[in-house]
Each structure stands twice: as C-alpha cells, then as structure tokens.
Amino acid sequence: MNTTDRQHFLAGKRIIVAGAGIGGLTFCIALQHFLDNTTEKIEPPPTLIVYERDTSIDAIGREGYSLSLRGDALSGGMQTLQKLGILDEMIAESNPGMHFTLFNTDFSPLMQIRSPPVEGLSQSSMRIARSKLREILIKNVPSSVIINWNCAVKSAHELDDGQILIDLADGTQEQCHLLIVADGSNSIIRKVLRPEHILNFAGAVIIAARTRALDKLPSPIDKTWGAVLGGNGHFLFVAPSDRTSALWSVSYLSDTPREPKAAGTMTDNEIDEILTEAKERTKVYGEPMPTLFQETLRSSVAVFNAKDMIPFRNHGSVIFIGDAQHALSPFAGNGANMAIMDGYQLADKLVHAKDLSTAIKSYDDLSIPRSTSAINMSHRSITIGHSQGFWKYMWVAVLKLMAWYFNLNYSCDQQ
C-alpha cells in the first residue's frame, strides 16, 4: 500500500491498553518493533497509552511466583521474545533448571522431560519469576508509551463515531480509537462488554504458598522443577519462585469450587488451618516438603480454584487478549507464552493488515486455536495429575511413551 494513496488505519490513532501485564506490555513493545521495521511507515504514528491498576512499577515485587517460558510448537514464547530482542535478558534472570521432572513421592526422579533443542535458541525452556519477567518487559517498553499506574480502566462504551469512551477508576474518562483489553482472567471490562463469557471451574482446588528467601534452595529444586503424582488423589507442584525462594502448591479434585482466600487476607488462625490441611494432604511426600513448609512465608498462603474460559472472537474497536480473552488455569503451564504470543501477533496484524477487521480476524485465527489446545491440555493435566492407584501407573506409562514418540529426551529411574 502506498501511504500517499491511502492512509494506514492506525495513522494518528489513539490506542489505550488496559493492563500492564505480560500481554499488554508485550503488545506495546511489539507494536513499536513492527512500526520501526515496516517498509511503509505509518505517519503520523499511533499514540499508545497504558492504564494499570497496580500502584507503581515497584508493586510488581508482590508477584511471588514463577512462570514457564517454552519454545515448543504450541508455546513459542521464547522465540517471540527473541524476535523482540529481549530473550537474553530473560535467560540471564531465569531460575535454576531447564527441564521438568515428574517425581516419586520421595522426590527421586520418575521421569525427566527435556524439550528437544530449538534451532536458534540456546535453551528450549526456562522458568522465571513473574516479577522479573514483567520488570524486563517494562524496561523495554518504548519511552513514547505512557504508563499510568494506580488507574485501572473500569468500563468502556462505543460511541456513535466508532471511538471508545473509557471510565477510569479515578472517576475521569478518556477517549480512544482502539482499546486493547489485557486486564487478566478476572477482566472487569469483559464483565461489562462481554458478560456472557465467564470463567468456568475446572474441577480442582489449589493451596499454594512460597518460602522466604533461603541461603540455598533445597534439593532437587535447586536444579529442576516439577510435580509429584501422589497416588492418593493429590497433585503436588514445586519450583523455584526466584533464585532464593521456592513455591509449592497442592491440589485436589472437587465437584464444586471452594471459597477462595487470597494471600495476605487471612487471619493467623486461618493460615494455621490452611497449612495444617496442606501438610495432611502432602504427608506421603518426603523432603523437600518438610523444609518448604518450615520456611513458608505465611503471608503468601492462598487458596484458589482452577478456572478457565473458552476463547471468544473479537469484533469492533475493543480487542481482548491474553487471559481476558482465553483464561487458562495454572495446570496449562502456558499462560505466559499465550499472552506473549497474543501481544506480538496482534501488533503484527494491526501494522500489516489492510484494515482493522482483517487484522482482528487474522489475530483470532491464530490465538483461538492455540489457546483452545492449551486449555484442552490443561484438562488432561488435571486428570493425570490427580490420578490414583492403577490409573497413576497407566498415565506414567503413557507419558513415557509420548516422551519417546515426541523425542522429549526423557530419562527415568525404575521404582
């Protein structure tokens, strides 16, 4: 397209991003990346403004858990970060270990899954503290992008001229030509504009916490992360939270969701009750669980339900991405990768499509099948992770067969 013949639909437009999470920040970085590298410059360039509910950049330190970044065919988060030129920063700040381990109850390795090498990547998977990942993304957001902290978008309305009027938490209003909704699984904007799309209970309840900073991470999570099929209907996950602390979570199946209790909202007695319950549910596990319980940061203890949401198609000038469009439960292990790819691919389509509707359709055609597959895999993970008796050993055998078939380079110890 020659810009002298027809101006690009983004030219001079005002774009607001609701949420400075992984998807929203990746979109900001990627949009500038594509604007800088497109052969036909978009003039004047669009203006990009972000509204975020957190009080400041310093508030990201409250995010005391880690995320998996992968380079496999479904995920692709690491390749996307590499295209944006920030993967090396992520690797430099990543947690110990580069592979997932399925443990016996005594934490001897039952099966280690190492993803096949990916061409162009120094490693094919990693874990990184969410706070550190977000910190690096914020550092790489272009200086032209304005991030407004402590000011969430509460609602949005489409005006007669096609523009979007947004209501902010401070009582003020703003207008934009395009609203990118990246405010997470509990999206306030989705509840207003797409109330028919709700979170669904995935059938598992999770108790989770992290440790205080330790002089040394206990073995084996100083070298790997992973899960234990307990054989008693519980699923245990352990991993480094960052380089000096660890996280643990134990889950169980339930027909109905449990009353959630967020970290930092419980009394001492409630925390004692939750920790006692967690210890009872994990009593069959050996070290490092006793150590992790002993070093648990009480203010981090939380109870929540695994929930997800079937992805939906976008339309108009309000575009949902990440968990706001296709919420994943922790059992997917893929939320960060999906958000990174969403932000990148939406920016790509907006810059290179002939019009907005084509860009949105092209983005949805990529995002929806990918996230649907991740959700389906998470449901299988819930079934496998909480298996008991015969089914536990059957699933382990199936996993070993799959690892061999897909060349995941697994190794295992005989029980």
Using a Gaussian network model on the chain with a 10 Å cutoff between Cα atoms, which of 363, 252, 344 fluctuates the most?
252
Over the chain, calculate the relative contact order: mean separation of alpha carbon pairs under 8 Å at least 6 apart, over the residue count, as a percent.
23
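As an exercise, take the mean of 1/r over every pair of distinct alpha carbons in the range 283-340, invert it, and state the Kirkwood radius in angstroms. Mind dumping the intermediate values first?
On the way: mean 1/r = 0.0682 Å⁻¹.
Hydrodynamic radius (Kirkwood, Cα only) of the range 283-340 equals 14.7 Å.
Using the per-residue mean of other Cβ atoms lying within 10 Å as a proxy for protection, in what order, highest first, do the peptides 365-373, 11-19 fall? Mind dumping the intermediate values first?
Values: 365-373: 17.3, 11-19: 21.8.
Going by the mean number of other Cβ atoms within 10 Å, highest first, we get 11-19, 365-373.
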If I histogram all Cα-Cα distances within the range 1-52 using bins 5 Å wide from 0, what percent of pairs lands in each bin?
5, 19, 27, 22, 14, 9, 4, 1
Taking the Cβ of residue 250 as the centre, find all other residues whose Cβ is under 15 Å away and add up their charges (Lys, Arg: +1; Asp, Glu: -1).
+3
By the scheme Lys and Arg +1, Asp and Glu -1, what is the net charge of all other residues having a beta-carbon under 12 Å from that of residue 91?
-1
Roughly what % of Cα-Cα distances in the range 83-129 sit above 17 Å, to the whole percent?
46
Semi-axes of the equivalent ellipsoid for the range 136-272, Cα gyration tensor, largest first, Å
38, 22, 15
Check which residues have an amide H placed less than 5 Å from residue 17's amide H, if you skip close sequence neighbours.
49, 50, 51, 180
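If each residue's Cβ is checked for other Cβ atoms within 10 Å, how do 176, 151, 28 rank with the fewest at the top? Show your work: numbers first, answer last.
Values: 176 22, 151 18, 28 28.
Fewest-to-most ranking of 176, 151, 28: 151, 176, 28.
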Inter-part gap, Cα centre of the range 8-23 to Cα centre of the range 220-240, in whole angstrom, is 40
Rounded to two decimals, what is the ratio between the C-alpha radius of gyration of the range 25-162 and 2.2 N^0.38 Å?
1.32
In square nanometres and to one decimal, what's the mean projected area of the convex hull around the Cα atoms of the chain?
20.7
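Beyond 14 Å, how much of the Cα-Cα pair distribution for the range 142-211 remains, as a whole percent?
On the way: 1704 of 2415 pairs.
Tail of P(r) above 14 Å: 71 percent of Cα pairs.
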Please report the net charge: other residues with Cβ closer than 10 Å to the Cβ of residue 150, K and R +1, D and E -1.
-2
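Bear in mind that the values in this text are calculations on the coordinates, not laboratory data. Remember, it's a predicted structure, so these values are computed and weren't measured experimentally. Positions of Cβ are backbone-derived with ideal geometry, glycine not excepted, and every protein chain shown enters the neighbour counts.
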